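So the structure is just underneath, and the comments pick up after that.
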Amino acid sequence: MKALIHGRWHSDVKERTAYETARAQQPENLFHNWVNADPAAAFPAEAGRYHLYVSYACPFAHRTILYRALFGLEAVLPMSVVHPRWSGSDGWTFTPDACFPEVTEDRANGLGALWQLYVKAAPAFTGKVTVPLLWDTETQTIVSTESADIMRMLDLGFARLRHNDLTFYPGRLRDDIDALGGFIRRRVNGGVYKAGFAADQDSFDAAVKEFFAALDHLEALLGDGRPYLLGRCATEADWLLFPTLVRLDAAYAGALKVNLKRLSDYPLLEAHTRRLYAWPGVAATVKLNHVKRHYYDDLGVTNPSLIPPGPKTPFDSPFEAAA
(Lines give C-alpha, C1' and ligand atoms only; values in the text may rest on other atoms or scores of the structure.)
Protein backbone atom coordinates (compact mmCIF):
# COMPACT_ATOMS: atom_id res chain seq x y z
CA MET A 1 0.00 0.00 0.00
CA LYS A 2 1.22 3.50 -0.88
CA ALA A 3 0.47 6.09 1.80
CA LEU A 4 1.63 9.00 3.90
CA ILE A 5 2.44 8.46 7.59
CA HIS A 6 2.92 11.63 9.66
CA GLY A 7 3.69 13.52 6.46
CA ARG A 8 6.33 11.08 5.21
CA TRP A 9 5.66 9.30 1.93
CA HIS A 10 5.92 5.49 1.90
CA SER A 11 5.76 3.76 -1.47
CA ASP A 12 5.14 0.40 0.21
CA VAL A 13 3.58 0.37 3.69
CA LYS A 14 4.29 -3.06 5.16
CA GLU A 15 3.79 -2.21 8.83
CA ARG A 16 0.06 -1.55 9.06
CA THR A 17 0.03 -1.03 12.83
CA ALA A 18 1.99 2.23 12.66
CA TYR A 19 -0.24 3.44 9.85
CA GLU A 20 -3.48 2.65 11.69
CA THR A 21 -2.21 4.24 14.90
CA ALA A 22 -1.31 7.44 13.06
CA ARG A 23 -4.68 7.49 11.28
CA ALA A 24 -6.49 7.18 14.61
CA GLN A 25 -4.70 10.28 15.89
CA GLN A 26 -5.83 12.42 12.95
CA PRO A 27 -9.03 14.54 12.96
CA GLU A 28 -11.87 12.67 11.27
CA ASN A 29 -13.14 15.59 9.20
CA LEU A 30 -9.83 16.65 7.68
CA PHE A 31 -10.39 17.66 4.03
CA HIS A 32 -14.18 17.35 4.32
CA ASN A 33 -14.94 20.97 3.50
CA TRP A 34 -17.60 22.34 1.18
CA VAL A 35 -17.70 24.92 -1.61
CA ASN A 36 -20.85 26.91 -1.06
CA ALA A 37 -22.83 29.31 -3.24
CA ASP A 38 -22.99 31.77 -0.30
CA PRO A 39 -20.31 34.48 -0.83
CA ALA A 40 -19.84 34.62 2.95
CA ALA A 41 -19.02 30.91 3.24
CA ALA A 42 -15.58 29.68 4.29
CA PHE A 43 -15.16 28.30 0.77
CA PRO A 44 -17.35 30.42 -1.51
CA ALA A 45 -17.79 29.46 -5.16
CA GLU A 46 -15.56 31.71 -7.26
CA ALA A 47 -14.38 31.30 -10.84
CA GLY A 48 -10.72 30.31 -11.01
CA ARG A 49 -10.25 29.95 -7.26
CA TYR A 50 -10.38 26.15 -7.13
CA HIS A 51 -8.38 23.50 -8.94
CA LEU A 52 -9.40 19.91 -9.65
CA TYR A 53 -6.85 17.09 -9.64
CA VAL A 54 -7.94 13.89 -11.38
CA SER A 55 -7.03 10.65 -13.08
CA TYR A 56 -8.93 9.45 -16.13
CA ALA A 57 -8.24 5.90 -14.94
CA CYS A 58 -10.04 6.25 -11.60
CA PRO A 59 -13.84 5.82 -11.61
CA PHE A 60 -14.23 8.14 -8.61
CA ALA A 61 -12.24 10.92 -10.25
CA HIS A 62 -14.17 10.24 -13.46
CA ARG A 63 -17.37 11.33 -11.70
CA THR A 64 -15.97 14.80 -11.13
CA ILE A 65 -14.58 15.07 -14.66
CA LEU A 66 -18.06 14.21 -15.92
CA TYR A 67 -19.74 16.91 -13.86
CA ARG A 68 -17.17 19.51 -14.85
CA ALA A 69 -17.95 18.73 -18.51
CA LEU A 70 -21.72 18.39 -18.14
CA PHE A 71 -22.02 21.73 -16.36
CA GLY A 72 -19.59 23.48 -18.71
CA LEU A 73 -17.25 24.47 -15.90
CA GLU A 74 -13.97 24.08 -17.78
CA ALA A 75 -13.23 27.82 -17.70
CA VAL A 76 -14.36 28.14 -14.08
CA LEU A 77 -12.53 25.12 -12.64
CA PRO A 78 -9.05 24.41 -14.06
CA MET A 79 -7.90 20.78 -13.95
CA SER A 80 -4.64 18.81 -13.71
CA VAL A 81 -4.38 15.17 -14.78
CA VAL A 82 -2.02 12.58 -13.31
CA HIS A 83 -0.36 9.79 -15.29
CA PRO A 84 -2.50 6.62 -15.39
CA ARG A 85 0.36 4.46 -14.15
CA TRP A 86 1.69 4.85 -10.63
CA SER A 87 5.33 5.76 -10.23
CA GLY A 88 7.13 3.09 -8.25
CA SER A 89 8.44 5.68 -5.82
CA ASP A 90 5.81 8.45 -5.88
CA GLY A 91 2.40 6.98 -6.74
CA TRP A 92 0.24 9.38 -8.76
CA THR A 93 2.55 11.78 -10.63
CA PHE A 94 2.39 14.57 -13.21
CA THR A 95 4.65 12.84 -15.72
CA PRO A 96 4.42 13.90 -19.39
CA ASP A 97 3.96 10.98 -21.78
CA ALA A 98 3.44 11.09 -25.55
CA CYS A 99 1.22 8.00 -25.27
CA PHE A 100 -1.08 9.83 -22.86
CA PRO A 101 -1.26 13.45 -24.04
CA GLU A 102 -4.05 14.23 -21.56
CA VAL A 103 -1.54 14.03 -18.69
CA THR A 104 -0.61 17.53 -17.50
CA GLU A 105 1.86 19.20 -15.21
CA ASP A 106 0.56 20.36 -11.85
CA ARG A 107 -0.99 23.56 -13.15
CA ALA A 108 -1.77 25.03 -9.74
CA ASN A 109 1.26 24.26 -7.59
CA GLY A 110 4.01 23.01 -9.89
CA LEU A 111 4.58 19.84 -7.87
CA GLY A 112 5.73 16.49 -9.25
CA ALA A 113 3.55 14.07 -7.29
CA LEU A 114 0.07 14.16 -5.79
CA TRP A 115 1.25 13.19 -2.30
CA GLN A 116 3.13 16.50 -2.11
CA LEU A 117 -0.20 18.35 -2.22
CA TYR A 118 -1.38 16.50 0.88
CA VAL A 119 1.78 17.44 2.75
CA LYS A 120 1.44 21.06 1.60
CA ALA A 121 -2.09 21.17 3.01
CA ALA A 122 -1.37 19.16 6.19
CA PRO A 123 2.33 18.54 6.92
CA ALA A 124 1.57 15.69 9.36
CA PHE A 125 -1.09 13.98 7.23
CA THR A 126 -1.52 10.20 7.46
CA GLY A 127 -3.55 8.37 4.85
CA LYS A 128 -3.85 7.19 1.30
CA VAL A 129 -3.26 9.64 -1.53
CA THR A 130 -6.26 9.57 -3.83
CA VAL A 131 -7.99 11.33 -6.69
CA PRO A 132 -10.09 13.37 -7.12
CA LEU A 133 -8.76 16.25 -5.07
CA LEU A 134 -10.31 19.71 -4.97
CA TRP A 135 -7.74 22.39 -4.10
CA ASP A 136 -8.34 25.97 -2.93
CA THR A 137 -5.66 28.21 -4.43
CA GLU A 138 -6.51 31.09 -2.06
CA THR A 139 -6.09 29.29 1.28
CA GLN A 140 -3.62 26.77 -0.19
CA THR A 141 -5.41 23.73 1.16
CA ILE A 142 -7.45 20.72 0.13
CA VAL A 143 -11.19 21.33 0.15
CA SER A 144 -12.25 17.73 -0.37
CA THR A 145 -11.12 14.34 -1.65
CA GLU A 146 -14.60 12.80 -1.58
CA SER A 147 -15.88 12.41 -5.13
CA ALA A 148 -19.59 12.31 -4.32
CA ASP A 149 -19.28 15.51 -2.29
CA ILE A 150 -17.38 17.24 -5.11
CA MET A 151 -20.14 16.20 -7.52
CA ARG A 152 -22.72 17.80 -5.27
CA MET A 153 -20.61 20.97 -4.94
CA LEU A 154 -20.32 21.30 -8.72
CA ASP A 155 -24.09 20.88 -9.02
CA LEU A 156 -25.25 23.15 -6.19
CA GLY A 157 -22.31 25.25 -5.02
CA PHE A 158 -21.16 26.32 -8.48
CA ALA A 159 -24.68 26.85 -9.86
CA ARG A 160 -24.44 30.64 -10.16
CA LEU A 161 -21.18 30.34 -12.15
CA ARG A 162 -22.81 28.28 -14.90
CA HIS A 163 -24.64 29.41 -18.02
CA ASN A 164 -27.45 26.88 -17.61
CA ASP A 165 -29.90 25.80 -14.91
CA LEU A 166 -29.11 22.10 -15.28
CA THR A 167 -29.19 20.06 -12.07
CA PHE A 168 -28.94 16.35 -11.33
CA TYR A 169 -30.16 16.81 -7.76
CA PRO A 170 -33.65 18.32 -8.09
CA GLY A 171 -35.49 19.01 -4.86
CA ARG A 172 -38.44 16.76 -5.59
CA LEU A 173 -36.23 13.70 -6.04
CA ARG A 174 -33.57 14.24 -3.41
CA ASP A 175 -34.74 11.53 -1.02
CA ASP A 176 -34.94 9.02 -3.88
CA ILE A 177 -31.55 10.08 -5.25
CA ASP A 178 -29.93 9.74 -1.83
CA ALA A 179 -31.42 6.27 -1.31
CA LEU A 180 -30.57 4.90 -4.75
CA GLY A 181 -27.22 6.67 -4.83
CA GLY A 182 -26.30 5.09 -1.51
CA PHE A 183 -27.18 1.67 -2.88
CA ILE A 184 -25.05 2.24 -5.99
CA ARG A 185 -22.08 3.53 -3.99
CA ARG A 186 -22.13 0.57 -1.58
CA ARG A 187 -23.18 -2.31 -3.77
CA VAL A 188 -21.83 -1.32 -7.20
CA ASN A 189 -19.05 1.31 -6.96
CA GLY A 190 -17.65 -0.26 -3.80
CA GLY A 191 -18.93 -3.75 -4.44
CA VAL A 192 -16.70 -4.41 -7.43
CA TYR A 193 -13.62 -3.63 -5.31
CA LYS A 194 -14.91 -5.71 -2.41
CA ALA A 195 -14.84 -8.61 -4.84
CA GLY A 196 -11.61 -7.74 -6.61
CA PHE A 197 -9.64 -7.35 -3.40
CA ALA A 198 -11.21 -10.24 -1.50
CA ALA A 199 -8.77 -12.14 0.70
CA ASP A 200 -10.05 -15.64 -0.01
CA GLN A 201 -12.23 -17.61 -2.41
CA ASP A 202 -15.36 -17.68 -0.22
CA SER A 203 -15.25 -13.92 0.33
CA PHE A 204 -14.65 -13.39 -3.38
CA ASP A 205 -17.54 -15.63 -4.43
CA ALA A 206 -19.92 -13.90 -2.01
CA ALA A 207 -18.85 -10.42 -3.11
CA VAL A 208 -19.18 -11.25 -6.81
CA LYS A 209 -22.65 -12.63 -6.20
CA GLU A 210 -23.63 -9.47 -4.32
CA PHE A 211 -22.21 -7.20 -7.02
CA PHE A 212 -24.11 -8.85 -9.86
CA ALA A 213 -27.28 -9.06 -7.75
CA ALA A 214 -27.06 -5.27 -7.50
CA LEU A 215 -26.78 -4.99 -11.28
CA ASP A 216 -29.75 -7.38 -11.61
CA HIS A 217 -31.75 -5.02 -9.39
CA LEU A 218 -30.83 -1.97 -11.48
CA GLU A 219 -31.65 -3.83 -14.70
CA ALA A 220 -35.08 -4.64 -13.29
CA LEU A 221 -35.54 -1.00 -12.30
CA LEU A 222 -35.26 -0.03 -15.97
CA GLY A 223 -37.71 -2.74 -16.98
CA ASP A 224 -40.73 -0.42 -17.12
CA GLY A 225 -39.21 1.50 -20.04
CA ARG A 226 -37.87 4.49 -18.12
CA PRO A 227 -34.76 5.98 -19.80
CA TYR A 228 -33.01 6.79 -16.50
CA LEU A 229 -32.88 5.14 -13.10
CA LEU A 230 -35.43 7.45 -11.49
CA GLY A 231 -37.62 8.24 -14.47
CA ARG A 232 -37.56 10.62 -17.42
CA CYS A 233 -34.62 12.76 -16.26
CA ALA A 234 -31.02 11.87 -15.57
CA THR A 235 -30.01 12.35 -11.94
CA GLU A 236 -26.92 12.05 -9.78
CA ALA A 237 -27.69 8.34 -9.37
CA ASP A 238 -27.18 7.72 -13.09
CA TRP A 239 -23.80 9.46 -13.10
CA LEU A 240 -22.68 7.56 -9.99
CA LEU A 241 -23.30 4.32 -11.88
CA PHE A 242 -21.83 5.28 -15.26
CA PRO A 243 -18.06 5.14 -14.47
CA THR A 244 -18.35 1.62 -13.05
CA LEU A 245 -20.30 0.25 -15.99
CA VAL A 246 -17.93 1.67 -18.62
CA ARG A 247 -15.07 -0.11 -16.81
CA LEU A 248 -16.83 -3.44 -16.33
CA ASP A 249 -15.62 -5.22 -19.47
CA ALA A 250 -12.47 -3.16 -20.05
CA ALA A 251 -10.91 -3.56 -16.59
CA TYR A 252 -12.94 -5.24 -13.88
CA ALA A 253 -13.62 -8.47 -15.76
CA GLY A 254 -9.92 -9.06 -16.34
CA ALA A 255 -7.87 -7.30 -13.66
CA LEU A 256 -10.35 -7.88 -10.82
CA LYS A 257 -11.77 -11.19 -12.17
CA VAL A 258 -15.32 -9.86 -11.77
CA ASN A 259 -16.45 -11.53 -14.96
CA LEU A 260 -19.63 -13.46 -14.22
CA LYS A 261 -21.49 -11.30 -16.73
CA ARG A 262 -20.65 -8.66 -19.31
CA LEU A 263 -22.41 -5.36 -19.80
CA SER A 264 -24.07 -6.83 -22.90
CA ASP A 265 -25.74 -9.39 -20.61
CA TYR A 266 -27.71 -6.45 -19.22
CA PRO A 267 -29.43 -5.01 -22.31
CA LEU A 268 -31.25 -2.26 -20.42
CA LEU A 269 -28.17 -1.17 -18.45
CA GLU A 270 -26.12 -1.27 -21.65
CA ALA A 271 -28.68 0.97 -23.39
CA HIS A 272 -28.69 3.22 -20.33
CA THR A 273 -24.89 3.50 -20.43
CA ARG A 274 -24.93 4.30 -24.14
CA ARG A 275 -27.62 6.92 -23.52
CA LEU A 276 -25.43 8.67 -20.94
CA TYR A 277 -22.36 8.31 -23.17
CA ALA A 278 -24.23 10.22 -25.90
CA TRP A 279 -24.67 13.32 -23.70
CA PRO A 280 -22.60 16.26 -25.00
CA GLY A 281 -19.11 16.19 -23.55
CA VAL A 282 -19.33 12.76 -21.94
CA ALA A 283 -17.50 10.67 -24.55
CA ALA A 284 -14.42 12.85 -24.17
CA THR A 285 -14.24 11.96 -20.45
CA VAL A 286 -13.96 8.22 -21.13
CA LYS A 287 -10.29 7.29 -21.65
CA LEU A 288 -10.14 3.48 -21.70
CA ASN A 289 -6.44 3.58 -22.59
CA HIS A 290 -5.83 5.25 -19.22
CA VAL A 291 -8.14 2.76 -17.50
CA LYS A 292 -6.45 -0.32 -18.94
CA ARG A 293 -2.93 0.98 -18.35
CA HIS A 294 -3.67 1.58 -14.68
CA TYR A 295 -5.61 -1.59 -13.95
CA TYR A 296 -3.39 -4.02 -15.82
CA ASP A 297 0.00 -2.40 -15.19
CA ASP A 298 -0.48 -1.21 -11.61
CA LEU A 299 -3.03 -3.61 -10.19
CA GLY A 300 -2.53 -6.57 -12.53
CA VAL A 301 -4.55 -9.57 -11.44
CA THR A 302 -5.20 -8.57 -7.84
CA ASN A 303 -5.25 -12.06 -6.35
CA PRO A 304 -3.81 -14.80 -8.58
CA SER A 305 -5.16 -17.60 -6.38
CA LEU A 306 -8.83 -16.65 -6.81
CA ILE A 307 -10.82 -18.57 -9.41
CA PRO A 308 -13.07 -16.27 -11.46
CA PRO A 309 -16.75 -17.20 -11.85
CA GLY A 310 -17.00 -16.57 -15.58
CA PRO A 311 -17.38 -15.89 -18.35
CA LYS A 312 -20.36 -18.14 -18.70
CA THR A 313 -20.22 -20.73 -21.48
CA PRO A 314 -22.22 -19.27 -24.38
CA PHE A 315 -23.63 -22.68 -25.33
CA ASP A 316 -24.50 -25.96 -23.67
CA SER A 317 -21.19 -27.75 -23.44
CA PRO A 318 -21.14 -31.57 -23.43
CA PHE A 319 -17.75 -31.34 -21.75
CA GLU A 320 -19.22 -29.38 -18.83
CA ALA A 321 -22.08 -31.81 -18.60
CA ALA A 322 -19.69 -34.74 -18.49
CA ALA A 323 -17.62 -33.06 -15.80
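The values are calculated or read from the model by the stated rules, or taken from the named source; none is laboratory data. Nothing here was measured: the structure is a model prediction, and the numbers come from that model. Every residue, glycine among them, receives a Cβ derived from its backbone with ideal geometry; neighbour counts consider all protein chains shown. Calculation scope for accessible area: heavy atoms of the full protein, side chains included, ligands and nucleic acids excluded. Shrake-Rupley method; radii C 1.70, N 1.55, O 1.52, S 1.80 Å.
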Check your understanding: Is the shape of region 1-120 rounded, prolate or oblate, going by the alpha carbon gyration tensor and its root eigenvalues a ≥ b ≥ c, with a/c under 1.5 for rounded and a/b larger than b/c for prolate?
Key -> oblate
Practice item. Quick one: pull the percent of accessible area on region 26-139 belonging to carbon and sulfur, 1.4 Å probe, ligands and nucleic acids left out. Key: 53
**Study point:** Interatomic Cα distance distribution for region 18-67, bins of 10 angstrom, percent
**Key:** 19, 31, 37, 13, 0
Exercise for review: Using the Karplus curve 6.51 cos²θ - 1.76 cosθ + 1.60 with θ = phi - 60°, work out ³J(HN,Hα) for each residue of region 41-58 in order, rounded to whole Hz, and write x for Gly and Pro.
Suggested key: 5, 4, 10, x, 5, 9, 4, x, 6, 9, 9, 9, 9, 9, 10, 5, 6, 7
**Study point:** Beta bridges by DSSP in the chain, antiparallel share as percent, to the nearest 5
**Key:** 80
Review point. Accessible area per residue, 1.4 Å probe, Å², for region 114-219: what's the number?
Key: 42
Exercise for review: Of the listed values (i) 82, 39, 38; (ii) 76, 51, 44; (iii) 68, 49, 41, grab the one calculated as Cα extents along the principal axes in Å from the structure here.
Suggested key: (iii)
Review point. Tell me, what % of the accessible area of region 224-268 is carbon and sulfur with a 1.4 angstrom probe?
Key: 53
Check your understanding: Under the definition of Cα pairs under 8 Å and six or more residues apart, what whole-number percent is the relative contact order of the chain?
Key -> 19
Exercise for review: Can you tell me the dipole magnitude for the chain around its Cα centre, using point charges on the Cβ only (Lys, Arg +1; Asp, Glu -1), in Debye to the nearest 20?
Suggested key: 200
Review point. Let a ≥ b ≥ c be the square roots of the eigenvalues of the Cα gyration tensor of region 102-147; is it rounded (a/c under 1.5), or, if not, prolate (a/b larger than b/c) or oblate?
Key: rounded
Review point. What order, most packed first, do the peptides 61-72, 25-36 have when packing is the mean number of other Cβ atoms within 10 Å of each residue?
Key: 61-72, 25-36
Study note, to complete from the structure: Distance in nm between Ala179 and Asp205 label points, each 7 Å along Cα→Cβ, equals 3.4
Review point. Per the 1.4 Å probe, what fraction of the accessible area of region 145-216, in percent, lies on carbon and sulfur atoms?
Key: 48
Check your understanding: Shape of region 49-140 from its Cα gyration tensor (a ≥ b ≥ c, root eigenvalues): rounded if a/c is under 1.5, otherwise prolate when a/b > b/c, or oblate?
Key -> oblate
Review point. Using θ = phi - 60° and the Karplus form 6.51 cos²θ - 1.76 cosθ + 1.60, what ³J(HN,Hα) does each residue of region 272-277 get, whole Hz, x for Gly and Pro?
Key: 4, 5, 5, 5, 5, 4
